[in-house]
Amino acid sequence: MAAPRTLAGVVPAIAAKAMQKRGLAFGPLLADWASIVGPWLADRCVPFKLTFPPGKRSDAVLHLKIESSAALELQHSEQQVLERINAFFGYGAVARLKLLHAPASIPRRSKPLLVPDAARLATLTGGLNSVTDPALKERLESLARAMSARSPS
């Protein structure tokens, strides 16, 4: 009987097969898309294909589905987006972007803004008066705001 395998050991092989039609580098690009282009743009466009010229691993074309309202913004910042994508890969992998205007139903990735509960915030920040380090106090207050915005579980 074969030993059990970890999920982390199996997923890359399965994902590689699924991503071959879109380019082998497509999986990591898709996973880190929001950190590469920023949340505003990531909410309005999504990569759907990465095509390299035959026999090359550089100068690819990245195909993006994008809302019409964000297309002009992306065209103006295309060079910066290309630089960020290539910095992600570590070399000049992508030479240009090709935009496909998609319906506005691109799934939103960003989380809704949470409003802190005033009573919980007061309880959590009540003991911070004794903290003398201003940087530490600021970070603890930020943590308290984040904690008070979430429901207690």
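The values are calculated or read from the model by the stated rules, or taken from the named source; none is laboratory data. Since we're looking at a predicted model, the values are computed, not measured. Note that we place each Cβ from the backbone using ideal geometry, even for glycine, and neighbour counts take in every protein chain shown.
Miscellaneous remarks
- Test for MET1: is it in contact with a helix residue (DSSP H, G or I) (Cβ under 6 Å, 6 or more places away or on another chain) and modelled with pLDDT under 75: no
- Residues of the range 41-80 that are closer than 25 Å to GLY90 by Cβ and exposed (fewer than 13 other Cβ atoms within 10 Å of the Cβ): PRO53, PRO54, GLY55, LYS56, ASP59, GLN79, GLN80.
- Qualifying residue in the range 5-20 (condition: at pLDDT 75 or above and more than 30 Å from ALA149 (Cβ to Cβ)): yes
- Scanning the range 41-81 for residues that are touching a residue at least 40 places away in the same chain (Cβ under 8 Å) and among the small types (Gly, Ala, Ser) returns a single hit, ALA42.
- Taking the range 88-98 as the range and being more than 17 Å from ALA42 (Cα to Cα) and of a type outside the set (Val, Ile, Thr) as the test, the residues that pass are PHE89, GLY90, TYR91, GLY92, ALA93, ALA95, ARG96.
- Restricting the search to helices (runs of 4 or more DSSP H) fully inside the range 38-153 and requiring at least 2 residues that are at pLDDT 90 or above and of a type in the set (Gly, Ala, Ser) gives an empty result.
- Pairs are defined by a Cβ separation below 9 Å, a sequence spacing of at least 6 or placement on different chains, a first member in the range 24-40 that is over 21 Å from PHE52 (Cα atoms) and in the same structural domain as GLU83 (by TED's automatic domain parsing), and a second member that is modelled with pLDDT of 85 or more and among the aromatic types (Phe, Trp, Tyr); the pairs so defined are SER35/PHE88.
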